[in-house]
Amino acid sequence: MTAPAWPFIPVPFGTPVVRSEGIYLYTKDGRRIIDAAGGAVITSVGHGRVEVAEATAKAMTDMTYACPPFPTPQRDALVDRLVERWLPKNLKRVWLASGGSEAVDGAMRLARHYQYLSGRHAKTKILYRDISYHGATLATLGISGHPGRRTGLEDMWVDQPAVPAPYPLRYAGDEPDMGKAYADAIEEVILAEGPDTVCALVAEAMTGSSGGAIVPPEGYWARVQEICKRHNVVLIIDEVMTGFGRTGTKFACDWAGITPDIMISGKSLACGYAPIVGVFASDEIVAPLNKGNTALMFYTYGGAVGPCAAALSVLDIMEREKLVERVAMMEGVMERALAPLRQHAHVAEVRGRGMLWGIEIVKDRATLEPFPMSANLTMGIINKGLSDGVYFYPAGTGQVRDVIVLGPPYITTEAEIEEIVAVLKTSIDFAVAKAMAH
Ligand SMILES: Cc1ncc(COP(=O)(O)O)c(C=O)c1O
């Protein structure tokens with residue numbers, strides 16, 4: 001049999017999706033699937049919002065394209081809105097890309113330019129956490145603790161020093177203050193590498209799909225920030241998945257008490273209607289570039305007309321319908337609906353925040369032994385969910401498994417959450433029974 005031309009992955013999801021509306025995907029063979037994954041945890045305001053399509057069409061009719069150094073009304077309007085109403089107060093500078101990997105790559109370059117142009121030429125290393133995903137470009141794979149995605153390409157990416165990621169389920173430790181212990185482990189790496197050689201630390205405020213919605217322990221971020229300041233390490237916070245409301249505040253930085261030097265965010269910004277992700281930085285980080293007359297080289301599509309208009313329209317909806325507040329309210333709804341799964345014989349942990357939740361499934365709850373890779377449990381759950389009308393997000397890194405992530409649209413109702421969780425339970429039972437017989 002000839003393989004299909006698209007995609008280059010071994011697990012295409014069968015039936016084509018031909019339409020989407022609200023929280024639903026509609027397939028060519030007439031089925032309706034709840035998008036409990038929000039696509040790839042991107043769908044914030046929901047599918048099929050005609051006003052977003054109309055705003056984008058109008059902008060693209062008025063104007064096709066101008067090279068990124070030109071101001072355009074669409075980009076100016078979006079940048080003003082972001083700075084005035086959305087971004088953490090210290091982040092006043094905006095640079096736009098078309099996707100998360102591209103944006104993280106830009107943030108890495110920005111941190112390096114900042115250190116170099118400030119005269120700290122040896123500060124070149126970018127620390128990353130050992131459970132993480134920051135993108136699929138060769139630069140971002142080098143800072144991704146994701147063996148499943150970078151294995152086989154080792155000679156192509158530049159490995160950077162890794163620090164331990166908080167993972168309280170598997171490493172609760174015996175220190176009284178685990179937040180401090182995890183943070184101090186970062187300082188140990190900085191000292192071992194030599195503080196004069198460390199440019200930046202990149203991390204998600206709350207680990208998204210690589211770990212499966214892992215919330216850091218109390219006190220962790222306060223201490224990490226202290227350490228970064230002490231050693232003049234740029235703090236790059238990746239909110240590609242968590243930003244623009246997903247965890248119940250505008251950014252996870254808000255509840256985590258983080259003042260990032262650079263923040264990247266975007267999935268929920270344009271909700272999948274158009275490709276746009278931002279790199280947001282403080283004046284202090286950008287200032288040396290101006291002095292050195294060094295541009296952070298743009299991408300041709302960075303801040304293009306259509307994506308800027310789509311993003312602004314999505315922000316209009318989020319503000320008008322108070323969707324960030326709604327996500328905060330839905331946190332309790334999701335927690336209550338998922339709570340019974342905590343008693344499940346094969347569920348090791350249910351964790352999350354806002355409308356980003358992870359359910360970790362193990363072979364043995366007492367020892368936390370996972371199912372073998374060959375059992376392919378995660379995909380067993382996903383496929384059963386799909387056949388029962390719900391799409392869940394497969395999380396983990398290969399080494400970290402098996403984790404199902406829920407990231408439904410912000411407009412999902414309580415009854416729909418209950419329906420999602422009922423199908424999740426059936427899907428786990430089905431796939432676990434199959435894996436036990438494996
Ligand atoms: C935290 C994080 N950073 C970066 C990326 C890469 O984004 P993209 O797939 O748009 O390149 C992702 C994608 O899921 C992500 O979750």
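Within the stretch 153-162, not a single residue is within 24 Å of Ile9 (Cβ to Cβ), touching a residue at least 60 places away in the same chain (Cβ under 8 Å) and buried (at least 16 other Cβ atoms within 10 Å of the Cβ). Give Arg149, Arg170, Arg129 a once-over and let me know the one that is at pLDDT below 95, within 16 Å of the chain's Cα centre (by Cα) and not assigned by TED's automatic domain parsing to the domain that holds Thr397. None of the others qualify; the one that does is Arg149. Pairs linking a residue in the stretch 356-381 that is closer than 30 Å to Thr249 by Cα to a residue that is surrounded by fewer than 18 Cβ atoms within 10 Å (Cβ to Cβ) and basic (Lys, Arg), with Cβ atoms under 8 Å and 6 or more positions apart or on different chains, do not occur. Given the condition more than 30 Å from Ser118 (Cβ to Cβ), touching a residue at least 24 places away in the same chain (Cβ under 8 Å) and touching a Gly at 6+ places or on another chain (Cβ under 9 Å), answer yes or no: does some residue in the stretch 332-343 qualify? Yes; the residues of the stretch 332-343 include at least one that is more than 30 Å from Ser118 (Cβ to Cβ), touching a residue at least 24 places away in the same chain (Cβ under 8 Å) and touching a Gly at 6+ places or on another chain (Cβ under 9 Å). All conditions but one from (1) free of Cβ contacts under 8 Å to residues at least 60 places away in the same chain; (2) farther than 27 Å from Met329 by Cβ apply to Ala422; the one that does not is (2). Take Val189 and tell me if it is more than 26 Å from Leu78 (Cβ to Cβ), away from the ligand (no atom under 16 Å from the Cβ) and modelled with pLDDT under 95. The answer is no for Val189.
Restricting attention to the stretch 195-241 and to residues that are of a type in the set (S, T, N, Q) and crowded, with 21+ Cβ neighbours inside 10 Å, the residue that is nearest to the ligand (Cβ to nearest atom) turns out to be Ser209. Restricting attention to the stretch 22-37, and to residues there that are out of contact with any Pro (no Cβ under 7 Å at 6 or more places or on another chain) and without any contact (Cβ under 8 Å) to a residue 24 or more places away in the chain, which single residue is surrounded by the most Cβ atoms within 10 Å (Cβ to Cβ)? The selected residue is Tyr24.
Let's see how each residue does on (1) surrounded by fewer than 20 Cβ atoms within 10 Å (Cβ to Cβ); (2) in contact with a helix residue (DSSP H, G or I) (Cβ under 9 Å, 6 or more places away or on another chain); (3) at pLDDT below 95; (4) small (Gly, Ala, Ser):
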position: Pro340; (1), (2), (3), (4): yes, yes, no, no
position: Leu377; (1), (2), (3), (4): no, yes, no, no
position: Gln399; (1), (2), (3), (4): yes, yes, yes, no
position: Ile404; (1), (2), (3), (4): no, yes, no, no
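The values are calculated or read from the model by the stated rules, or taken from the named source; none is laboratory data. Source: prediction; values computed, not measured. Neighbour counts are summed over all protein chains in view; Cβ atoms, including those assigned to glycine, are modelled from backbone coordinates with ideal geometry.
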